[in-house]
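As structure tokens, the structure follows; a few thoughts come after it.
The values are calculated or read from the model by the stated rules, or taken from the named source; none is laboratory data. Keep in mind the model is a prediction, meaning the values are calculated, not measured. Here the Cβ positions follow ideal geometry from the backbone for every residue, glycine too, while neighbour counts run over all protein chains shown. SASA here: full protein model, heavy atoms, side chains in, ligands and nucleic acids out. Shrake-Rupley method; radii C 1.70, N 1.55, O 1.52, S 1.80 Å.
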Amino acid sequence: MPEQITPLSVLYFQLHGAGIAVGTVLCLYLLLCRGKAIAPDITPPARLRCWAAALFGVMTLAHVWWILFYTYSDDNRSVIYGLLVAMDCMALPPVFVGTLLNMLQDRRRPLWPIFIVMTPCAVIAVLQTALPDIDLTTPNMIYGLVIVVAFIIYMVVAVRQYGRWLRDNYADLEHKEVWLSLTLLIGLMLLLLGYEYTDNYVMSTIAHLTGFPLAGLLLWRVETLPQLDEATEHEDDIQPEAETISEPLPVSDALSHIGQLLAKHCEDTQLYLQPDLTLTQLAQAIGTNRTYLGAYFSSQGTNYYAYIHDLRIRYFVARYRELAAAHKPIVAQKLAQESGYHSYSTFSTAFKQRMQKSVAAWMREEVLKC
């Protein structure tokens, strides 16, 4: 047991206890609670929910075994210490990585490499206790930092790809805040480093205090991230429907044909007013596949996101002027919903990007024109 008990060490143990309590509650909530407390109208990915629960569970167990260790021992050269560090290496990083990768909703990203790259850390931690005269701590820390930096670079690239995928496939998806994934990434990695690479109460206390808002942010992200089944689809697996083109056409002719299909089956029918319309659904509706449709948008210097928003904003403007001319009451929120938007904030952002002014400013100008 530690020889001296200071106010800081008492706070440290209290934070450990609070971490155990919070982690247990969040783990059980994510595993057992069917209703969603934060966003009841959103169905989050079940895999992400399970991984987040595993993360909270493993962190709770880590708090338990470390508080027991520092309560009954303080020997950083003991075999038990080496085994606990090895357990941290093989348990915490995989669930960190699994949770972050599942925020990208891509099941094709393998998780086994993290076990391979973390095995040397666990082995070195055990060897350090067996070979106390040889300093293996420094090379182990350097190796761990290299892994962290490499993973951060990998995740930055992956999150950027995920953001582009959301933009190109989901025009009216709420909570596209992909920056949250990067915030959690940086925060969780710093938290992990704070636990693993500090041996004084001050830094460990800071790491603990940082963990509570990160836990809340992670829970909010898990609750508000909708299930997007298309994240697991391969574009090449989606075949053109029969009405598209019975025989292969040159690319230029096929893309021109897609423009005609969009005018007939999307613009004339006002399919774009359907909330949550995705790129794949639009492709199927007009009788093509998302690969050709994406290529068509690229050839026009635009993308699915811009195409759908342009049509919806034009509809909003036309309907507003129609109602104003008939001297009928106008509620912008209801009209935005009629234009295909679940979220008024999504609508207002899209409107300002295209009209170069806010909805309120544009409506004031329209009133003056009348």
In sequence order, what are the phi-derived ³J(HN,Hα) couplings for region 88-95 according to the Karplus relation 6.51 cos²θ - 1.76 cosθ + 1.60 with θ = phi - 60°, rounded to whole Hz, with x for glycine and proline? 4, 4, 8, 10, 5, x, x, 6
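Report the calculated FRET efficiency for THR210 and ILE330 (r = Cβ-Cβ distance, R0 = 51 Å), to the nearest 0.05.
FRET efficiency, THR210 to ILE330: 0.60.
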Once the whole set of protein chains is in place, how much accessible area is left on CYS50, using a 1.4 Å probe, in Å² to the nearest 10? 80 Å²
Mind checking which lysines have their Cα closer than 20 Å to the Cα of LYS36? Skip sequence neighbours fewer than 8 apart in that chain. LYS176
Quick one: if you stick a label point 7 Å off each Cα along the C-beta vector at LEU368 and ALA39, how many nm between them? 3.8 nm
Once you have the Cα-Cα distance between ARG108 and ASP268, take 0.36 nm times their residue separation minus that, and quote the gain in nm to one decimal. 53.8 nm
At 1.4 Å probe size, what's the solvent-accessible area of LEU61? Round to the nearest 10 Å². 100 Å²
Computed accessible area, VAL126, all protein chains, 1.4 angstrom probe, square angstrom: 60 Å²
1.4 Å probe accessible area per residue over region 253-370, in Å²: 51 Å²
Where labels lie 7 Å past Cα in the beta-carbon direction, separation of ILE134 and VAL10 in nm: 4.4 nm
Could you please state how large a percent of the accessible area of region 246-361 is carbon and sulfur, counting protein chains only and using a 1.4 Å probe? 51 percent
Net lengthening on full extension, MET141/LYS357 (0.36 nm per residue, minus Cα-Cα): 72.6 nm
Give me the accessible area per residue for region 61-147, probe 1.4 Å, as a whole number in Å². 51 Å²
Give the ranking of THR129, THR183 by solvent-accessible surface, highest area first, calculated with a 1.4 Å probe. THR183, THR129
